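What follows is one structure encoded as structure tokens, with my remarks underneath.
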Amino acid sequence: MKTVKEWCWMHYEQYLVNEWIQCRNEGRDVDDLKELCEFVERESRREGSRRDFEAIGAETGRLLVNSAVKPGYAYNEPSDYESILDARPEQTFSPVHPKQSDALRDRIAGAWAGRIAGCLIGKPFEGWRYANIKKFLSLSGNMPMRRYARLADFTETVRQHFEPNPEAAWADNFTGASPADDDTTYTVIGLKTVESFGRDFLAVQALESWLRYMPIVTACTAERITYCNAARGLVPPETARYHNPYREYIGAQIRADFYGYCNPGDPVNAASMAYRDASISHTGNGIYGEMWVAAMIAIAAVSSNIRYVVTTALEQIPANCRLAEAVWRVVKDFDNGTREEEAREKLHTLYNENIELEWGSVITNAAVVAHSLLYGGGDFAKTAGTAVMCGYDTDCNGATAGSVVGMLLGKSGIPAVWYETFSGELLTSVEGYNRVSVDSLTEKTMSLLPRE
């Protein structure tokens, strides 16, 4: 077991190349700092050398984030809420407020069940590269993917190519509740935040909810850095900016769902809540990913058209940002009749899975979510399976796609095998919600909806 001082993402100087890539992605003029970043990162990773490079790492980072944006940068990507509102496209969706009913309850239950199941379908492949995912699924008779992967899939033929990890989240490797995972724990901490501080919670209260009710070991990348920054005495939005090369990583996007669940038919309020949550750990496109997903889920509660859900939710984020561009690229290919496999391969020409900041980028994975929703066509198994077949952050994307289509279909529209596999129950790292059922989460969500 690693000691605290060996925990990932807590030592800025060891991730300076990621900071350089992030600043370059933001259009900053940092080309002449690349070699210095590579040197500091390499030398600080040598045993016993890290402390010697803390100061130079911090100074190099300061130079990076304060570098000017190159003239002619093509995007408008603000991080403050008012500027985001000003940068949105024309609003065509008028919020609706469905009455509490059994039909709405079914949709919310479907979203919870869909997120948990989608996470589980992708979890065994987290960290796998695309070629290996395709090969494993083909050898195990699950390509295209339409069911959970199982430890029993490791037949003699499969074992010639892959050695099973018996502790991974294979569907036949556990009984009872779905194992705890950050992708589902974050959904529950969203519920806990609204329960504790109300629907008008502040960003700093969302951070307080983390510190009070969720252990730091739950968090990765930007979120773990945010914990460290809070311990330094920083508050949002500085917790998102200081020594955080993962500020446009996928982390905020996977925290969006509850803000859609508790705002059915109202993407504006869903995106507003998502903004406050995202701003504690992310900037720019990292924020937009959470706002877009929350808006999709809110719209899916009152729509049955998945393309409409995907595209209309983009009205809640800046029109001229890299995330919107990536999603629209997927939509246009879909509209032009690009075959699913060709579109999936195209993702891997655009986003290099061997570069950490592209593998886990919110932009990369938003494109995957859009792809899976469109080509999934409103079918739960196809949507979740398509998200995982694309590779990249498989459990995150399976969970998000499963959540959106689960809200659209309702629990009654999801084949029972998907939630019976985990007995309709979930383990989490959130205090007071360590073992919960989909039914109880649904009822709690219903109690937190706007009053009629």
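The values are calculated or read from the model by the stated rules, or taken from the named source; none is laboratory data. All of these numbers come straight from a predicted model, not from anything done at the bench. Glycine also receives a Cβ, built like all others from the backbone with ideal geometry; neighbour counts cover every protein chain displayed. Calculation scope for accessible area: heavy atoms of the full protein, side chains included, ligands and nucleic acids excluded. Shrake-Rupley method; radii C 1.70, N 1.55, O 1.52, S 1.80 Å.
Rundown of residues vs (1) more than 25 Å from A168 (Cα to Cα); (2) among the polar types (S, T, N, Q); (3) open to solvent by 60 Å² or more (accessible area, probe 1.4 Å); (4) not in a helix (DSSP H, G or I), yes/no style:
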site	(1), (2), (3), (4)
D86	yes, no, yes, no
V96	yes, no, yes, yes
Q100	yes, yes, yes, yes
R105	yes, no, yes, no
I108	yes, no, no, no
W112	no, no, no, no
G118	no, no, no, no
P124	no, no, no, no
A131	no, no, yes, no
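Within the range 315-337, can one find any residue that is polar (S, T, N, Q), part of a helix (DSSP H, G or I) and within 25 Å of M407 (Cα to Cα)? Yes. Residue pairs whose Cβ atoms lie under 9 Å apart, separated by 6 or more positions or on different chains, with the first residue in the range 252-263 and of a type in the set (A, V, I, L, M) and the second surrounded by fewer than 24 Cβ atoms within 10 Å (Cβ to Cβ), are I254/D182. Looking at I363, is it modelled with pLDDT of 95 or more, of a type in the set (A, V, I, L, M) and surrounded by fewer than 23 Cβ atoms within 10 Å (Cβ to Cβ)? So I363 fails the test. Only one of the listed residues (E38, E59) is within 29 Å of the chain's Cα centre (by Cα), over 21 Å from R224 (Cβ atoms) and not polar (S, T, N, Q). That residue is E38.
Note on the range 313-336: among residues that are of a type in the set (S, T, N, Q) and open to solvent by 20 Å² or more (accessible area, probe 1.4 Å), the one that is farthest from A366 (Cα to Cα) is N336.
If you filter the range 151-167 down to residues that are surrounded by 15 or more Cβ atoms within 10 Å (Cβ to Cβ) and in a loop (DSSP other than H, G, I, E, B), you find that the one that is modelled with the lowest pLDDT is P164.
Rundown of residues vs (1) open to solvent by less than 70 Å² (accessible area, probe 1.4 Å); (2) assigned to a helix (DSSP H, G or I); (3) within 23 Å of G360 (Cα to Cα), yes/no style:
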residue	(1), (2), (3)
E13	yes, yes, yes
V17	yes, yes, yes
W20	yes, yes, yes
C37	yes, yes, yes
R46	no, no, no
A55	no, yes, no
A58	yes, yes, no
S67	yes, no, no
T92	no, no, no
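Just to be sure I understand the filter: pairs with C-beta atoms under 6 Å, separated by 6 or more residues or on different chains, first member in the range 34-52 and closer than 21 Å to R24 by Cβ, second member of a type in the set (F, W, Y). Which pairs pass? Note: pairs meeting the criteria are K34/W20; C37/W20; V40/F53; S44/F53. Candidates L441, L426: the one that is at pLDDT 95 or above, open to solvent by less than 10 Å² (accessible area, probe 1.4 Å) and assigned to a strand (DSSP E or B) is L426. All of T383, T364, T428, T400 fail the test of being under 20 Å from A256 (Cα atoms) and touching an Asp or Glu at 6+ places or on another chain (Cβ under 7 Å), apart from T364. A count restricted to the range 157-177 and to residues that are among the small types (G, A, S) and out of contact with any strand residue (DSSP E or B) (no Cβ under 8 Å at 6 or more places or on another chain) stands at 3.
Does the range 339-359 include one or more residues that are among the small types (G, A, S), part of a helix (DSSP H, G or I), at pLDDT 95 or above and buried (at least 22 other Cβ atoms within 10 Å of the Cβ)? No: zero hits.
When K332 is tested against the conditions (1) without any contact (Cβ under 8 Å) to a residue 24 or more places away in the chain; (2) out of contact with any Ser or Thr (no Cβ under 9 Å at 6 or more places or on another chain), the lone failure is (2).
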